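Working notes for the structure below.
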Amino acid sequence: MTSEDNTIWDKLQTIPREVLYLLMIISMIIPLLSPLGLPIPISPQTRTLYDSLDTLQPGDVFVQFVDYSAGSMSFHEPGFIAITYKAVNKGAKLVMLSSSVEGPMMYEIVINKIKPFLDSAGYVYGEDYVYLGYTAGEETALAAIASNIRSVYTTDQYGTPLDDITLMQSVNNHEDFTMLISYTMGSPESFVRQFNTQYGVTTHIHCGEMMTPTILPFWASGQITGLLNGGVGAAEMEVLVGRPGDAVKLTDVYSFSNLIVFAFLIIGNIGFIMKGRMKE
Amino acid sequence: MSTKIVRRTIPLIITFIVGMLMIGEWFFNVASIDQVAESVRQWGVLVSAFAMGLGSVNIVIRNLRRIEKREGTDWLYAIWLLIVFFGFVGIGVGMGSASSQYQYIYNTILQPLSGTMYPATLFFLCSAIYRTFRIRSYQALLFVATGAVILVANAPVVAATFPLLVATKAWIMDVELTAAYRAILIGIGLGTIMLGFRVIFGLEQTHLGREEGD
Amino acid sequence: MISTDPSIWIMAFFTIAITTLAFRDNPAAKFAEHTFLAAQAGNFVVMAWRNINQIGISGLAKGSIIMLIPLLFGVALYTRYSKRYIWVSRYPTALMVGIGTGVTVRGFVEFQFTQQIVDTFKPMNSFNNVFFVVTVVVCLVYFVYSLTPQNPAIAKPLGYISTAGRYLMMMAFGASMANTVITRVGQYAGRIMFLLYDWLGLG
């Protein structure tokens, strides 16, 4: 390499990736050890979800698709906890199920975290909430659940026949669902197609931020009533229900990590632009 | 019966019949169609469950071959892979997926692995952003500038200091991005419907595999 | 206080091992990768078995002979590993593809066309609404590949509109890229939280 190729502008474009990775990791560690506690503005998408949950009446059936995986647990779990807390406060009955293969294990982890407020609200498994487990088939399974839940579920996750479960004796298909939400990193559109488009069931989605661009047009048209935008949305929901938790801590991470990525973007381009000007 | 009819035509007819049944159920409110469609959907769910095992069988076959070849240290990893695989299957099927034993191995082994594997792509993403997102044109400038605004506006420490950035981000997401993606979705929708009907009417046969098998 | 739970240490090991994959390939990362592949494949089989048992085998045991059909179809899927009988696997594949395609396509017109187009008709009484409608139309023009008018009086403006559509889409893709970064940051931060709080006992 000649001295012409080794200017500061070249160095700016060739920072070793190990340095970048370490900076990313450090940018996450600092805010988690020393939270900033900054205010979180509430987006209209989260507000519509919260307002919709506010319309739940005691005895309404709120269906929750626990479709997230370990990879997105960091924001889906806090969102699930906040929303379930709100639904329980409104006295809604909870029917939980999964169309994603890691869903059952995610449920087993999160149930321990929501059990305290389920118990203090007097919720009993089988009467007020139930978990049906996983069903294969993706959108085919969703269509089957919408038309007849017993065509894909004969027992709950623990082997109890549906007809022996008090709550499920009055839940057969979409007509019995007051509203539903899917916590997914997969295909949120399939839920909207099978439940809202065909039967008009109020549908909410909690997806990762990277899915939000493709889902926003459906929220704008009203096909999706409430939309939680990944970790940011989960933090907003935690604030709205008055239970700041892990998602609020995540927003502090965004403060640092997003700026690090922004810095990478700018530094790389400064080097590129100045190198180009030098050649001129 | 001709080989081609049994091996190709009848599967295409099956695709057509069940596809049209699903579409007919949507548009016609006839109890008998609904009943048949419900049963067929149940079959679809059951067959999908069988399909989930296909990848696993593939993994077992490939790793048995690696053990057979004994190249370098590869075969040792293959042995470990098969031990873990059959361990999970044995405990999960034998004791049930709701058992505390299965939950323990899931939480200890699969959950941290699954929870790190996809998020770790963050590092590759950051490296790609740093090395390849160069402003070589006005389009690239728009791309980088919009991305930068969204990144920075999602940092609460900046959002609290520059509320104008938050408003800009909201405008970009709620107006510009929604409109552009709506157009993209309409375009994708056209393509999906065309492809869907081509599959149902047998004009698209890629799902049946190569013709040499006939 | 650092954790003394062996399972927490195993989880921490796997988390760090997979992270090191981003830096360079190493035996620990390879070990973790193989473990992940095996565990994921095993989990798939376990979940699949539950469904097969619940819907198919239990149904058959209760006297529903017709469940033999999907059960046989399901088993037939595995003939794809036989060079001689691979064609048999086309039957269950055809069934799944037909159902999946029908179920998806049937709602598409209303889901991704009608309702989207109806919502695009906004009252043109604000800058945002005008910009919104213009953006949708301009971006749609970009996708009209088959229209190549010979008359330059039409072709040239159409070209400009199409270019404007491309610029607007690049803005949307930039925002999308940023959202992808934010998602991955949020996801990985969860692992850092585990390492700091559950493993090292900090905070």
If residue A:158 satisfies every condition in (1) out of contact with any helix residue (DSSP H, G or I) (no Cβ under 8 Å at 6 or more places or on another chain); (2) within 10 Å of chain B (Cβ to nearest Cβ); (3) at pLDDT 95 or above but one, which is the exception? (3)
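So that you can scan it fast, the table gives a plain yes or no per residue for (1) among the acidic types (Asp, Glu); (2) over 14 Å from the mean Cα position of the chain (by Cα):
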{"position": "A:41", "(1), (2)": "no, yes"}
{"position": "A:46", "(1), (2)": "no, no"}
{"position": "A:60", "(1), (2)": "yes, yes"}
{"position": "A:68", "(1), (2)": "no, no"}
{"position": "A:80", "(1), (2)": "no, no"}
When the range A:94-115 is examined, which residues are found to be within 13 Å of another protein chain (Cβ to nearest Cβ) and farther than 25 Å from residue B:52 by Cα? A:110, A:111, A:112
Cβ-Cβ under 9 Å pairs, at least 6 apart or on other chains, the range B:132-146 side farther than 17 Å from residue A:264 by Cβ, far side among the hydroxyl-bearing types (Ser, Thr, Tyr): B:138/C:167; B:139/C:167; B:142/C:167
Could you tell me whether the range A:213-224 includes any residue that is at the interface with chain C (Cβ under 7 Å from one of its Cβ atoms) and either under 15 Å from the mean Cα position of the chain (by Cα) or in contact (Cβ under 8 Å) with a residue 60 or more places away in the chain (or both)? yes
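Matching residues to (1) β-branched (Val, Ile, Thr); (2) under 27 Å from residue B:49 (Cα atoms); (3) in a loop (DSSP other than H, G, I, E, B):
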site: C:24; (1), (2), (3): no, no, yes
site: C:33; (1), (2), (3): no, yes, no
site: C:36; (1), (2), (3): no, yes, no
site: C:43; (1), (2), (3): no, yes, no
site: C:46; (1), (2), (3): yes, yes, no
site: C:51; (1), (2), (3): no, yes, no
site: C:59; (1), (2), (3): no, yes, no
site: C:63; (1), (2), (3): no, yes, yes
So, in the range A:16-68, of the ones that are at pLDDT 95 or above and among the hydroxyl-bearing types (Ser, Thr, Tyr), which residue ends up nearest to residue A:110 (Cα to Cα)? A:68
Here's a check for you: in the range C:152-198, which residue that is under 26 Å from residue C:132 (Cβ atoms), within 14 Å of chain A (Cβ to nearest Cβ) and touching a residue at least 24 places away in the same chain (Cβ under 8 Å) is surrounded by the fewest Cβ atoms within 10 Å (Cβ to Cβ)? C:168
All helices (runs of 4 or more DSSP H) inside the range A:1-69 with 3 or more residues being more than 30 Å from residue A:201 (Cβ to Cβ): A:8-13, A:17-33
Mind checking which pairs have a first residue in the range B:87-101 that is among the hydroxyl-bearing types (Ser, Thr, Tyr) and a second that is in a helix (DSSP H, G or I), Cβ under 7 Å, 6 or more apart or different chains? B:97/A:104; B:97/C:46; B:97/C:47; B:97/C:50
Answer yes or no as to whether residue A:224 is of a type outside the set (S, T, N, Q) and part of a helix (DSSP H, G or I). no
Search result, residues across the range A:231-265 that are of a type in the set (A, V, I, L, M) and facing another protein chain (nearest Cβ under 7 Å): A:232, A:250, A:253, A:259, A:261, A:265
Based on what the data block shows, is residue A:208 more than 8 Å from every other protein chain (Cβ to nearest Cβ) and in contact (Cβ under 8 Å) with a residue 12 or more places away in the chain? no
Considering each of C:113, C:23 in turn, give the residue that is in the same structural domain as residue C:190 (by TED's automatic domain parsing), surrounded by fewer than 21 Cβ atoms within 10 Å (Cβ to Cβ) and free of Cβ contacts under 8 Å to residues at least 12 places away in the same chain. C:113
Exactly one of (1) surrounded by fewer than 19 Cβ atoms within 10 Å (Cβ to Cβ); (2) within 9 Å of chain B (Cβ to nearest Cβ) is unmet by residue C:63. Its number? (2)
Residue match in the range C:101-119 (condition: farther than 23 Å from residue B:151 by Cα and more than 14 Å from chain A (Cβ to nearest Cβ)): no
Only listed residue being in contact with a Phe, Trp or Tyr (Cβ under 9 Å, 6 or more places away or on another chain) and under 24 Å from residue A:215 (Cβ atoms), chosen from C:135, C:120, C:114, C:163: C:120
Taking the range B:13-43 and keeping only residues that are at the interface with chain C (Cβ under 7 Å from one of its Cβ atoms) and of a type in the set (Gly, Ala, Ser), one is left with B:19
Given (1) within 13 Å of chain C (Cβ to nearest Cβ); (2) surrounded by fewer than 24 Cβ atoms within 10 Å (Cβ to Cβ), identify the lone condition not met by residue A:228. (2)
Selection from the range A:179-214 of residues that are of a type in the set (Val, Ile, Thr) and surrounded by fewer than 23 Cβ atoms within 10 Å (Cβ to Cβ): A:201, A:202, A:214
Does residue A:196 satisfy the criteria of being more than 18 Å from the chain's Cα centre (by Cα), under 18 Å from residue A:51 (Cβ atoms) and of a type in the set (S, T, N, Q)? yes
With the condition kept exactly as written, say whether any residue in the range C:128-135 is under 26 Å from residue B:194 (Cβ atoms), among the aromatic types (Phe, Trp, Tyr) and more than 9 Å from chain A (Cβ to nearest Cβ). no
Is the range C:81-96 home to any residue that is modelled with pLDDT under 95, within 28 Å of the chain's Cα centre (by Cα) and surrounded by fewer than 17 Cβ atoms within 10 Å (Cβ to Cβ)? yes
How many residues does the range A:265-280 hold that are crowded, with 20+ Cβ neighbours inside 10 Å and within 32 Å of the chain's Cα centre (by Cα)? 1
Just to check your reading of the model, which residue among A:147, A:74, A:151, A:98 is over 20 Å from residue C:45 (Cβ atoms) and surrounded by 24 or more Cβ atoms within 10 Å (Cβ to Cβ)? A:74
Subset of the range B:89-103 that is more than 7 Å from chain C (Cβ to nearest Cβ) and touching a Ser or Thr at 6+ places or on another chain (Cβ under 9 Å) - its residue that is nearest to residue A:104 (Cα to Cα): B:103
Only one of these is without any contact (Cβ under 8 Å) to a residue 12 or more places away in the chain, over 30 Å from residue C:185 (Cβ atoms) and either of a type in the set (A, V, I, L, M) or not assigned by TED's automatic domain parsing to the domain that holds residue B:16 (or both): B:200, B:193, B:188. Name it. B:193
Just to be sure before I move on: is residue B:116 facing chain C (nearest Cβ under 7 Å), buried (at least 17 other Cβ atoms within 10 Å of the Cβ) and under 26 Å from residue C:190 (Cβ atoms) in the structure I sent? yes
One residue is enough: does the range B:44-59 have a residue meeting the conditions within 28 Å of the chain's Cα centre (by Cα), over 30 Å from residue C:54 (Cα atoms) and within 7 Å of chain C (Cβ to nearest Cβ)? no
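The values are calculated or read from the model by the stated rules, or taken from the named source; none is laboratory data. Remember, predicted model here, so these are calculated numbers, not experimental data. Cβ coordinates were reconstructed from backbone atoms using ideal geometry, including for glycine residues, and neighbour counts include every protein chain displayed.
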